[in-house]
Amino acid sequence: MLQDLIAIGINHDSASIETRERVAFAPEDIAGALEALIAATPFEEAVILSTCNRTEIYGVMSSGSEPLSASDALLAWVSTFHGLSEGALATCTYRHHGAQAATHLVRVAAGLNSLVLGEPQIFGQLKSAFAVAEESGAIGSRFASIFPGAFRIAKKVRTDTAIGENPVSVAYASVDLAGHIFSDLSKRTALLLGAGETIELVARHLCDANLGRLMIANRTLARAQSMAEEFDAAAIMLADVPARLAEADIVISATASQLPVLGKGAVESAIRKRHFRPMLMVDLAVPRDIEPEVAELSDVYLYTVDDLRDVIEENLRLRASEASKADGIVLEGVAQLEEDLRGRQSADVVKKYRESALSIQEVELARALKALERGETGVEVVRRLARDLTNKLIHAPTAGLRHLARSGDDGQVDQAKALLGLDVGFDDRTIDDEKPTLQ
């Protein structure tokens, strides 16, 4: 069931880019962060999702935990981990519990909660976050069911609606912006910083837009070369960017660096070499790859992910008509997910109850066989076997019924009777006054 599920986070709507930078988790830190989180908070399972536009933590509370206190503990842990004021972070943090948290998870996976409505990258990022948590030992039986279920619902949203048909993403918006600034991209050179999924999408959109020349820079040259071969581009090291920067009309960056990879001085030098021809720079990274001071330079047009809202607005309108249909699929899917989890839980109870009964059966059967070996009559052994087996099988249900009857909750007593196949008119005094036995 979903009642132990908690989700807290910040995103492009709730927090500024400066705050998102400070709350972001570096990929190499997530495994250790998950271990620390589970050790320090009332959560048994956890997943950390950290992207350019959001940082979210999903957790399964330990038995007996209260949602409010558990989410407070999670917020306090995030604040301590990143060295932030808990009060300041609380003002831009959203919290969800139970089915609401599951609904949020599905909406995120389906791209319904993204800066770009319906964008597909978040689905892969969330699956990667789940895989990292699984490898780190932070996934138990609950999330092993909830996350795959959420992924199935998200896929249904994309297949049953047109939410993703119009090509809108942060990568697409960057290229669309370049097309507005430079009317003919076939005469332009673009330099991409990074070699991840976002940059790969940028490269694909640039090629579709008939870009003249492409360079890809990465900290690892081999990765840059691999991507460069696919897009007929030149591959360089990030360290070589200052020397090659003047060649670029368009610079789009999305590395995983925790510090800026391009400073004001390097850009200023490149502008002089370009004889002050304009340069478009789009920083898609959080934390930012390009120092904000670069925006102060003449002839440089610097945009961050937060600046792309107007660029993508048109295609957002085209997708918005499908949003209500997608929300209906999400709500129906989450309801079905909760029903499936309840069914799975009841199946587990039935399995354990059956195993317990079979264990009792084996013990009593072994005792009866030994009695026969000792020469006791068959009738006597069978009668004792039936009596002892029945008494042991009904002991726990009888004790439970007696407790319910004494508590005065007639509704629960009636439910228990129905569960055991008893007539609702059964005399309650039997539960309190008699201990059923076979003589």
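The values are calculated or read from the model by the stated rules, or taken from the named source; none is laboratory data. On a predicted model such as this, the values are computed, not experimentally measured, just so you know. Reconstructed Cβ throughout: ideal geometry from the backbone, glycine too, with neighbour counts over all protein chains shown.
Considered as a group, the residues in region 44-68 that are modelled with pLDDT of 95 or more and polar (S, T, N, Q) include one that is surrounded by the fewest Cβ atoms within 10 Å (Cβ to Cβ), and that residue is Ser50. Looking at region 270-287 only, could you name the residues that are touching a residue at least 40 places away in the same chain (Cβ under 8 Å), assigned to a strand (DSSP E or B) and within 33 Å of the chain's Cα centre (by Cα)? Scanning region 270-287 gives a single hit, Val282. Looking at Arg319, Arg309, just one residue is buried (at least 16 other Cβ atoms within 10 Å of the Cβ) and at pLDDT below 95, and that residue is Arg319. Touching a Leu at 6+ places or on another chain (Cβ under 9 Å) and in contact (Cβ under 8 Å) with a residue 60 or more places away in the chain, is that true of His96? It is true that His96 is touching a Leu at 6+ places or on another chain (Cβ under 9 Å) and in contact (Cβ under 8 Å) with a residue 60 or more places away in the chain. Cβ-Cβ contacts under 6 Å between residues 6 or more apart (or on different chains), taken from a first residue in region 379-392 that is more than 10 Å from Glu364 (Cα to Cα) to a second residue that is of a type in the set (S, T, N, Q), are listed as Asn391/Thr437.
When Val175 is tested against (1) part of a strand (DSSP E or B); (2) in contact with a His (Cβ under 8 Å, 6 or more places away or on another chain), just one condition goes unmet, and that condition is (1).
Note on region 192-213: residues that are farther than 24 Å from Pro120 by Cα and not charged (D, E, K, R) total 1. Just to be sure I understand, how many residues within region 266-316 are over 20 Å from Val116 (Cβ atoms) and β-branched (Val, Ile, Thr)? Number satisfying all stated conditions: 5. Residues Leu369, Leu358, Leu365, Leu341: which one is among the aliphatic types (A, V, I, L, M) and surrounded by 13 or more Cβ atoms within 10 Å (Cβ to Cβ)? Unique residue meeting the criteria: Leu341.
Kindly check whether there is at least one residue in region 7-26 that is part of a loop (DSSP other than H, G, I, E, B), of a type in the set (Ser, Thr, Tyr) and crowded, with 19+ Cβ neighbours inside 10 Å. Break it down stepwise before answering.
First, pick out the residues of region 7-26 that are part of a loop (DSSP other than H, G, I, E, B): 12-16, 24-26.
Remaining after also requiring of a type in the set (Ser, Thr, Tyr): 14, 16.
Add one more test, that the residue is crowded, with 19+ Cβ neighbours inside 10 Å, and what stays is none.
No - not one qualifying residue is present in region 7-26.
Here is a yes/no grid of residues against (1) among the aliphatic types (A, V, I, L, M); (2) within 30 Å of Ser174 (Cα to Cα):
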| position | (1), (2) |
| --- | --- |
| Glu86 | no, no |
| Arg95 | no, no |
| Leu105 | yes, yes |
| Asn113 | no, yes |
| Leu117 | yes, yes |
| Gly124 | no, yes |
| Ser141 | no, no |
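Taken over region 138-188, the criterion of being touching a residue at least 60 places away in the same chain (Cβ under 8 Å) and more than 30 Å from Asp310 (Cα to Cα) is satisfied by Ala138, Ile139, Gly140, Arg142, Phe143, Ser145, Ile146, Phe147, Gly149, Ala150, Arg152.
Picking from residues in region 105-158 that are among the hydroxyl-bearing types (Ser, Thr, Tyr) and modelled with pLDDT of 95 or more, the one that is nearest to His12 (Cα to Cα) is Ser128. Selection of first residues in region 113-128 that are closer than 22 Å to Val311 by Cα and of second residues that are buried (at least 19 other Cβ atoms within 10 Å of the Cβ) and among the charged types (D, E, K, R), restricted to Cβ pairs under 6 Å at least 6 apart or on distinct chains, gives the following pairs, ordered by first then second residue: Asn113/Arg107; Leu117/Arg319; Gly118/Arg319. Glu18 meets all of the listed conditions (1) farther than 24 Å from Gly149 by Cβ; (2) touching a residue at least 24 places away in the same chain (Cβ under 8 Å) but one, namely (2).
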